[in-house]
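A quick write-up on the structure given underneath.
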Amino acid sequence: MFHRTRWCPRDRMIATVLVAALALPAMAVLALSAYAAQAPGIATVSAAADAITVRGSTGDTPAESIAIYALGGWQRRGDYSGQSPVATTVPGSDGIFSAQFGRFGGDHDRFYDKFIAVAQSAGSNTVLGPARFVDDVQFLGSNDQSYPAAAGKKGLQIQMTDDAEVLGVQHAAINARLDRLMLKEFALGAIEFSSGGRTFYFDTSAVRALDSSVKPLSDNGALVTLILTLHQDSRPNSAWPVLVHPDAEVGRGTVYAFNTATSEGVAYFTAAMEFLGQRYSRADHEYGRVVGYIVGNEIDAQETWYNMGRKPLAAFLRDYSRALRIVWQAARKAYTNVRVYISLTHYWTQSIKPDDPEYAYKPRDLVGALADLTARNGDFPWAVAYHPYPENAFDPAFWNDETATSDVDTIRITFKNIEVLPRYLAQNRLRYRGQPRRIILSEQGFHSVDYTDAPLRLQAAAYAYAYYKIKFTDGIDAFILHRHIDHQREGGLRLGLRTWDPQHARPAIPADRKPIYEVFNYIDTERSLEVTEFAKPIIGIADWKDVIPTFDPAKLAERPLTYLAPVRLDATLTDERVIADFENGSDGWRPSDNANAVERKASSVAPSGSYTLKVSFDRDLQPWSYHNRAWRGTDVVFDQPVDARARPHLSVWMRIPDSADDNFKPGNVFYAKVRVYGRGGQVADGMGRLDPTHGWNRLTVDLSGWQQRSAISRIKVWARGSSGDDWKG
């Protein structure tokens, strides 16, 4: 049971506080004086661990005193009437005022509130300027670890975590459906979570399934970003009815807007984000680590991908910016260096529906309007997750795109002219605290018309060109490819690294590797130029520098190649050292990819001793985790590295239960893989075939030729079958 209660420094109500103007540093006074000369109102709101500080100016408005009111994000400015101010202060002779008051009011955290200043003079009240949220966070998150560094920009929207590790994925994007994760009310066995003095409930199986994707990826060093979405959900206890925006046209969209228009919607959405933030920002990474959140999907095409009903851009952004801010606030409380993104299509100065501006917006206009809005209401470090698909999603040859030009008025931004995006966002008016907004490419892919040679090679060539271009384009942090596996219900698109299995009932179960798979796998290694040489004549170039002037072959190898270790079955060795016998528990071994539990089991048939480790994969996993071809298993991280120079042979006893192949097709073959981790990202890999009829199989990996065997930090043991059926067991 996962139960975390928000820490509160004291349980008390905040009374109205009368404070004098605080002494400010000279630079702050100058800044406020400059602001005062332009407009009255709150200039900045700071949040410390225990207190909120508001500073601003009356401008030319007469004021005997200033009352500060706290409002919920969904409230209008006029809603302050009838409420008590959280603070009252007297402005200085220059009109500058400041007030400090407690951050917590009982269980309520005013970090989420917006504030207005009301000038009081001669019995009249005047609201000064717009409402303002916290824009200066002075407390550390529960986890203050630095943002992790990645070796490169290579990323993938992940299905198979085992495959992602083999491919060397550095950046991973995972869909997180809040309608699946969050429950409307209590349910037996649900995960309880406290937020704002209330208890909320989360679906245990859905949360653990998300864990099963996040944790193996982050354990392998991938930077995980969650794509937060909301879909129509017919389950009777789904929180969908509360989470969905009241103006959303249910049935018209695919993804729906989050409800930031009502107090109840905000309470649920805030609780959901606090839950995710606290679960995936723990310093011990118990459930895995998430470093970023994408709020919604392709919001400029809101009719389909973030449906909020017909709305002009300003009205849409008013409610969307609240969702974006809540995600940042809740995640920032848990992790100081978290990143939060908006999601955009490949359009730029045109929308996906030019004749219907209340259902679709021009992304360039949206970015500018959002920057203006957050500057006015309290800026925060939102970033951009762009989708530079080719002009025609069914034609991967983006270098022929006609509507992607090199100027800032281009209709689209695709890989052909991707440099326009960081150049545009570098403008001063769009920056956050002097720095350009960060950019990731979170969803884009290349179609193969069919599975014949020419379309498959064109798809792979397009990826090679795009990868190289993004690698040598400054201002873009990650290139996250979509998709991992072709999907039978994606409008005819085949964007994956692998084909789908047509014999399987589910629409995106892996079958064969496509040529793009090999390119993706080796493009960031010393084999990079070798595996992309075929692409040059397809693109029509003689050298990569013909199209990428900054191309530098010396910078391509970011990831070491995996050492393929020899494997022997049923080897007999002497002078062995036992590193795990499970006499005292699991010896630190834990579930890894596509597994939900490990447990010590007493066994009279164990090869040595009387205990074995049972690895289960029968519940709380993603649908593709049960596929027979998915590697599943267990791993261990050592407190101190193991030196295997004197004993370079690693033996593992494994057994597939006698009945494991009852539901498999005839001819199904079982395999085992052992992965051994050394320094600097070096990995040794050994694979062998298992025979269930032999009972216990001894698999011995020969590490004598691997130079990194002097400091083994981790071992992973996997097993899989070869048929296209499911394996739950």
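Give the residue from Y361, I299, F380 lying farthest towards the positive end of the charge dipole for the range 298-456; charges sit on Cβ (+1 for Lys and Arg, -1 for Asp and Glu) and the dipole is referred to the Cα centre. Of the options given, the answer is F380. Take the Cα of L188, step 7 Å toward its Cβ, do the same at F394, and the gap between the two points is 5.2 nm. Near the amide H of D136, within less than 5 Å, lie the amide hydrogens of V45, A47, all on another chain or at least 5 residues away, with H placed in the peptide plane. Here the peptides 485-497, 425-437 are ranked by packing, the mean other Cβ count within 10 Å, and the order with the highest first is 485-497, 425-437.
Among the DSSP beta bridges whose two residues both lie in the chain, what percent are antiparallel, rounded to the nearest 5? Taking every DSSP beta bridge with both residues in the chain, the antiparallel ones total about 70 percent. Across the range 180-323, C-alpha contacts under 8 Å between residues 6 or more apart give a mean separation that, scaled by the residue count, equals a relative contact order of 27 percent.
Quick test of the membrane-span-like rule: which DSSP H helices of the chain reach at least 18 Å along their long axis (C-alpha atoms) with mean Kyte hydropathy at least 0.0?
Taking the DSSP H segments of the chain (at least 18 Å long, mean hydropathy at least 0.0), we get 26-38, 263-279, 313-334.
The residues of the chain present an accessible area of 40 Å² per residue when probed at 1.4 Å with all protein chains retained. Treating r as the C-beta distance of N428 and D474 and R0 as 22 Å, the FRET efficiency rounds to 0.80.
Quick one: grab the alpha carbon gyration tensor of the range 426-563, order the square roots of its eigenvalues as a ≥ b ≥ c, and give me rounded if a/c is under 1.5, else prolate or oblate depending on whether a/b is larger than b/c.
Oblate.
With r defined as the distance between the Cβ atoms of A571 and H285 and R0 fixed at 25 Å, what FRET efficiency is calculated, to the nearest 0.05? Calculated value: 0.10. For the peptides 625-634, 593-602, the ranking by mean Cβ contacts within 10 Å, running from highest to lowest, is 625-634, 593-602. Close amide H partners of F670, meaning residues 5 or more places away or on another chain with modelled amide H under 5 Å apart, are L690. Averaging the sequence gap over all C-alpha pairs within less than 8 Å and six or more residues apart, then dividing by the number of residues, gives the chain a relative contact order of 9 percent. Scanning residues 5 or more positions from G292 or on other chains, those with amide H under 5 Å from its amide H are L226, R339, with H placed 1.01 Å from N in the peptide plane.
Pop the C-beta distance of S603 and E249 into the FRET formula with R0 = 56 Å and round what comes out to the nearest 0.05. Step by step, r from the Cβ atoms, then E = 0.45. Derived scalar couplings between HN and Hα for the range 79-96 equal 6, 5, 4, x, 9, 8, x, 7, 6, 9, 9, 10, x, x, 5, 8, x, 6 Hz in order, rounded to whole Hz, by the Karplus curve 6.51 cos²θ - 1.76 cosθ + 1.60 (θ = phi - 60°), x for Gly and Pro.
For the range 55-89, the list of trypsin sites (Lys or Arg not before Pro) that fall in a loop by DSSP and count at most 10 other C-beta atoms within 10 angstrom reads R76. Using a 1.4 angstrom probe on heavy atoms only, work out the carbon and sulfur share of the accessible area of the range 53-169 in %. On the range 53-169, the fraction of accessible area on carbon and sulfur atoms equals 43 percent. Look at where the Cα atoms of the range 554-633 and of the range 337-394 average out, and the two centres are 45 Å apart.
Working from label points 7 Å from Cα in the Cα-to-Cβ sense, the T199 to L529 distance is 6.5 nm. Model label sites at D407 and A49, defined 7 Å from Cα along the beta-carbon direction, differ in position by 5.6 nm. Here is how the number arises for the chain: DSSP H runs of 4 or more residues each give -39500 (n - 2.57), the sum is divided by the residue count, and the result at 222 nm is -6000 deg cm²/dmol.
The values are calculated or read from the model by the stated rules, or taken from the named source; none is laboratory data. Quick caveat: nothing in here was measured; it's all calculated off a predicted structure. Don't worry about glycine lacking a Cβ; one is built from the backbone with ideal geometry, like all the others, and counts go over all protein chains shown. Just the protein is used for accessible areas: all its heavy atoms, side chains included, with ligands, DNA and RNA removed. Shrake-Rupley method; radii C 1.70, N 1.55, O 1.52, S 1.80 Å.
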